[in-house]
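Before any comments, here is the structure.
The values are calculated or read from the model by the stated rules, or taken from the named source; none is laboratory data. Model, not experiment: these values are computed from the prediction. Each accessible area value is taken on the protein alone, full model and side chains, heavy atoms only, with ligands, DNA and RNA left out. Shrake-Rupley method; radii C 1.70, N 1.55, O 1.52, S 1.80 Å.
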Amino acid sequence: MSMPAPIPAIELAPGLALSRIVWGAWRLAEAADHAPAAVAARIRACLEQGITTFDHADIYGDYRCETLFGDALRADPGLKAGMQIVTKTDIMLLSKAWPGTRVKHYDTTPGHVCASVERSLQRLGVEAIDLLLIHRPDPLMDAQALGACLDGLVDAGKIRAAGVSNFMPWDVDLLQSAMRHRLATNQLEIHPLHLAPFTNGQLAHALQHRMPVMAWSPLAGGRLFGADPAAARVRAVLGRIAQAAGVDLTAATLAWLLHHPARILPVIGTTDPSRLAATRQALAVPMDRQTWFEVYEAGLGQAVP
C-alpha cells in the first residue's frame, strides 16, 4: 500500500519543525476506547497520513490525556520516531487531581512550570518536550522569572522550544523581552466564526516577527455544523468550495486557514482515523483571494468596509 505524500512541515525554531496539520489530544479521554492499543492505532493513523505533531495540555481530560497518550507510546515505543510533542501549562482546574485548588486560576511561577514539565515528561514517557506553551496569559505573570525559567528548560534539554497560547501582542512582547530564546508560536482560536485575530493585532504581530501560528478549534468546536445563522452562512460558502474541489467541509475550512500568510497550523481533534485522510485533502484545495474573502464576509455577516 503506497504512503501518501508527506505533509509539509513548518520550522518554528532551529531544529524544530511541526507538521502543517497537527493532531490535538484534548478529546482523547472522551473516546469510547482509550486503551493503549486503541490510542496507538490513532497515533499510527496520524503518522501514516504525515501528521507527525501531537498537541497536548496538562489539563486535557481532567489531567488524564497525557498519561493515556504516554501509555500508548510505552506499549509501542516505535511510534516516537519522527514525532513532535507539544504540551501546555499554567491553567489550574478545580479537579480531584488537585484537591488543594479552591478556584480555577493560572500559575506561571517557575516552581509550577518546572514541576509541570517534569510531570508531562513522566506522563508522556518522552525525554524532552518539543514545544511547551504557556496556555493562558496570567495577570500575575512575572515575566523576568518566567522568561528565565523557560530559557533554563531549553538550556537543560527538557524542552526544545517555548511558546504561548491565547496571548495578545503585548503579552508576547513582555515575555519575549525577558528571554534569550525566541518564542516559537502563539496558539490562538481562529476559524470563520472567530475572526478577531485577523484585526486585533495577533496575526499581524506574528507576521511581523515571522512567528508561525497554531490554530485551536479550527472548526469552531463543531459550531460550524450547527444551526445558528452565522454558521449557516459560512457553511453555505464553504460547501460550494468543497463541492468544487471534491472535498468535504472540514477540508475546505482548513484550506481557508492554510491560505493565510501567517503560516497557520490547524490543530484538529478527530478521534476517527478514517477522517484523517480527508483532512489532509485541505492541502490541495485551491483558494484565491476573492474566494477567501467570501468566507470571511460570511463570518462577518456583512461586506468588508
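Accessible surface calculations at 1.4 Å, restricted to protein heavy atoms, place the chain at 44 Å² per residue. Ligands, DNA and RNA aside, Arg233 has an accessible area near 90 Å² when probed at 1.4 Å.
Here the chain has 55 percent of its accessible surface on carbon and sulfur atoms, given a 1.4 Å probe and all protein chains in place. Residues in the stretch 152-157 carry Karplus couplings, in order, of x, 5, 5, 4, 7, x Hz; the curve used is 6.51 cos²θ - 1.76 cosθ + 1.60 with θ = phi - 60°, and Gly or Pro positions show x.
Solvent-free Debye calculation, one equal scatterer per alpha-carbon of the stretch 204-305: log10 I(q)/I(0) at 0.13, 0.18 Å⁻¹ equals -0.47, -0.90. Between amide H atoms placed 1.01 Å from N, distances below 5 Å from Gly269 occur with Gly24, all of them 5 or more places distant or on a separate chain. For the stretch 179-194, putting each phi into the Karplus relation 6.51 cos²θ - 1.76 cosθ + 1.60 with θ = phi - 60° gives couplings of 10, 8, 7, 6, 5, 8, 6, 10, 8, 10, 7, 9, 6, x, 9, 9 Hz, in residue order, rounded to whole numbers and with x for Gly and Pro. Phi-derived couplings, Karplus 6.51 cos²θ - 1.76 cosθ + 1.60 at θ = phi - 60°, listed residue by residue for the stretch 248-264: 9, 5, 4, 4, 5, 5, 5, 4, 4, 5, 5, 6, 6, x, 6, 6, 6 Hz, with x used for Gly and Pro. Counting only DSSP beta bridges with both residues in the chain, the antiparallel share comes to about 25 percent. Can you spot the lysines whose alpha carbon is less than 27 Å from Lys80's alpha carbon? Ignore those fewer than 8 places along the same chain. Those lysines meeting the cut-off are Lys88, Lys158. A cut-off of 5 Å between modelled amide H atoms, ignoring neighbours fewer than 5 places along the same chain, links Thr53 with Ser19, Trp23, Gln84.
Rg over Rh for the stretch 125-272 works out to 1.04, both radii taken from alpha-carbon positions and Rh defined as the Kirkwood radius.
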